[in-house]
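Notes follow once the structure below has been shown.
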Amino acid sequence: MKEQRKFVALRAHIGDLLLDGAQIVSREPLTLRVNGHLLRVQHGMLIGYSAAA
């Protein structure tokens with residue numbers, strides 16, 4: 001069966017980050033806290049945009 005999802009590599013990378021202890025801070029837009037930094041998924045990319053408090 002053909003993969004129907006978009007951004008399969010990004011999804012896998014986010015899954016690995018979560019396994020390594022990242023936390024989901026927000027789901028819309030998806031925002032993660034990773035090692036004291038906030039990362040947001042925007043336009044199919046994972047973008048670091050500020051230090052986490």
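The values are calculated or read from the model by the stated rules, or taken from the named source; none is laboratory data. Fair warning: this is a prediction, and the values are worked out from it, not measured in the lab. Don't worry about glycine lacking a Cβ; one is built from the backbone with ideal geometry, like all the others, and counts go over all protein chains shown. Please note that ligands, DNA and RNA were not included when accessible areas were found on the heavy atoms of the full protein model with its side chains. Shrake-Rupley method; radii C 1.70, N 1.55, O 1.52, S 1.80 Å.
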Based solely on its DSSP helices, what 222 nm [θ] is calculated for the chain when runs of n ≥ 4 H residues each add -39,500 (n - 2.57) and the sum is averaged over all residues, nearest 500 deg cm²/dmol?
-7000 deg cm²/dmol
Can you check what the net charge comes to around residue 13, using other residues whose Cβ is under 15 Å from the Cβ of residue 13 (Lys, Arg +1; Asp, Glu -1)?
+2
Name the residue farthest towards the positive end of the dipole of the chain from the options 15, 30, 1, assuming +1 on Cβ of Lys and Arg, -1 on Cβ of Asp and Glu, about the Cα centre.
1
Give the label of the value calculated from the structure for Rg and Dmax of the Cα atoms in Å, choosing from (1) 14.5, 48; (2) 13.5, 43; (3) 11.7, 43.
(3)
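Out of the total accessible area of the chain (probe 1.4 Å, heavy atoms of protein only), what percent is carbon and sulfur?
Values: 2310 of 4300 Å².
Its accessible area is 54 percent carbon and sulfur atoms.
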Between helix 8-19 and the chain, what is the angle of the helix's C-alpha long axis to the longest principal axis, kept within 0 to 90° and rounded to the nearest 10?
40 degrees
Leaving out ligands and nucleic acids, note down the accessible area per residue over the chain with a 1.4 angstrom probe, in whole Å².
81 Å²
